[in-house]
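Heads up: the structure comes next, in structure tokens.
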Amino acid sequence: MDSAHGRLDSGDAVMRARHRMDTCGERAMKASGAAIAAESLGKVFPDGLETLRDISLRVEPGEFVALLGPSGCGKTTLLRLVAGLEAPTAGRLSVDHAASGGAPEIGYVFQTPTLMPWASLAENIRLPLTLRHVPRREADRSVAEALERVGLADFAKTLPSRLSGGMAMRASLARALVTRPDLLLLDEPFAALDEMTRFRLGEELSALQAELGFTVLFVTHSVYEAAFLAARVLVFSSRPGRIVGEAENAAPMPRQPEHRSEAAFQTVVEELRRLLSEGSASSSPSRPAPQNMS
Ligand SMILES: Nc1ncnc2c1ncn2[C@@H]1O[C@H](COP(=O)(O)OP(=O)(O)OP(=O)(O)O)[C@@H](O)[C@H]1O
Ligand SMILES: [Mg+2]
């Protein structure tokens with residue numbers, strides 16, 4: 001089993017995972033992104049709660065993969081394992097930079113934006129760079145670029161309390177992008193937003209990913225969101241989370257709004273619904289039965 005450890009700089013800011021390098025070397029190498037390989041991965045928390053069981057998966061560099069499953073099935077736990085914030089209790093996990101095989105730069109976007117309320121948007125986005133001691137001028141350029149990419153160039157001096165929910169999530173995305181991550185982990189980032197904002201942000205994320213080429217693991221409860229955004233969706237059972245199946249969406253990236261009305265999209269949605277209901281019917285006991293002490 002590989003050990004995993006990492007450093008969370010702050011909130012949903014960017015972090016660096018320091019997973020041991022996978023030495024098998026058979027992975028397809030592309031110019032950008034990170035690759036993830038897990039083999040029979042399991043997680044049992046110290047209180048005995050089995051959260052993940054026998055997870056085997058492979059994510060190719062630059063791939064957009066969604067993790068879909070019911071509440072409590074271990075999706076966030078899996079993201080935390082990939083980020084190096086938790087260690088697996090069984091199996092093997094490696095997360096590598098595609099070209100060098102070293103540790104990738106990882107961006108992490110949590111469900112809530114967690115911006116520092118006393119600092120301007122630009123200062124919030126600058127934080128991961130400050131923590132990395134990036135020189136001021138270079139950091140200024142990167143912050144301006146990140147704000148521009150998420151459509152917030154005019155709000156650099158604004159305080160987070162003045163932002164709408166959608167703008168705060170954009171800011172959170174900018175903070176994750178500012179270090180140019182190889183791998184972006186997103187944990188239900190749009191769950192709290194209204195449907196139109198959710199759709200728009202999804203389309204923008206799709207465009208950014210197609211342009212910048214980072215690898216994405218995107219956690220969601222929403223069948224529609226998973227089907228729209230991802231090239232491949234892994235569907236989890238109820239806890240302990242196991243992968244019950246996967247569905248591919250071969251539509252070209254970046255995804256356009258019209259894709260939601262295409263027959264191919266509906267087919268993926270139906271397949272995901274089927275897998276989800278199969279997964280929720282197949283949950284199994286995860287805690288050993290209590291010992292009878294009498
Ligand atoms: N540090 C921990 N110690 C003990 N149990 C934990 C810990 N973290 C998570 N769990 C438990 O593991 C299970 C899976 O949690 P996790 O947050 O990964 O689920 P999830 O699929 O992300 O759920 P949701 O969709 O509701 O966010 C839950 O039962 C949770 O209580
Ligand atoms: Mg979660």
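The values are calculated or read from the model by the stated rules, or taken from the named source; none is laboratory data. Because the structure is predicted, anything quoted here is derived from the model rather than measured. Reconstructed Cβ throughout: ideal geometry from the backbone, glycine too, with neighbour counts over all protein chains shown.
Within the range 93-106, is even one residue crowded, with 19+ Cβ neighbours inside 10 Å and within 16 Å of ligand 1 (Cβ to nearest atom)? The answer is yes; a qualifying residue exists.
Restricting attention to the range 43-56, the residues that are surrounded by fewer than 19 Cβ atoms within 10 Å (Cβ to Cβ) and in a strand (DSSP E or B) add up to 3. Exactly one residue out of VAL219, VAL223, VAL178, VAL233 is touching a strand residue (DSSP E or B) at 6+ places or on another chain (Cβ under 9 Å), more than 24 Å from ARG274 (Cα to Cα) and in contact (Cβ under 8 Å) with a residue 60 or more places away in the chain, and it is VAL178.
Residues that are surrounded by 17 or more Cβ atoms within 10 Å (Cβ to Cβ) and among the aliphatic types (A, V, I, L, M) within the range 107-132 comprise VAL109, LEU115, LEU121, ALA122, ILE125, LEU127, LEU129, listed in sequence order. May I ask you to list the residues in the range 207-251 that are in contact with a Lys or Arg (Cβ under 8 Å, 6 or more places away or on another chain), under 19 Å from GLU262 (Cα atoms) and within 16 Å of ligand 2 (Cβ to nearest atom)? Matches in the range 207-251: GLU225 only.
Looking only at the range 73-116, how many residues end up being away from ligand 2 (no atom under 16 Å from the Cβ) and in contact with a Pro (Cβ under 9 Å, 6 or more places away or on another chain)? Residues in the range 73-116 being away from ligand 2 (no atom under 16 Å from the Cβ) and in contact with a Pro (Cβ under 9 Å, 6 or more places away or on another chain): 11 in total. Being at pLDDT 90 or above and either under 18 Å from the mean Cα position of the chain (by Cα) or within 23 Å of LEU81 (Cβ to Cβ) (or both) holds for only one residue in ALA264, ALA247, ALA251, ALA192, and it is ALA247.
Scanning the range 60-79 for residues that are under 18 Å from ALA247 (Cα atoms) and of a type in the set (Gly, Ala, Ser) turns up GLY62, ALA66, GLY69. Quick check on the range 68-81. Is at least one of its residues away from ligand 1 (no atom under 12 Å from the Cβ), under 16 Å from the mean Cα position of the chain (by Cα) and surrounded by fewer than 24 Cβ atoms within 10 Å (Cβ to Cβ)? No, that holds for no residue.
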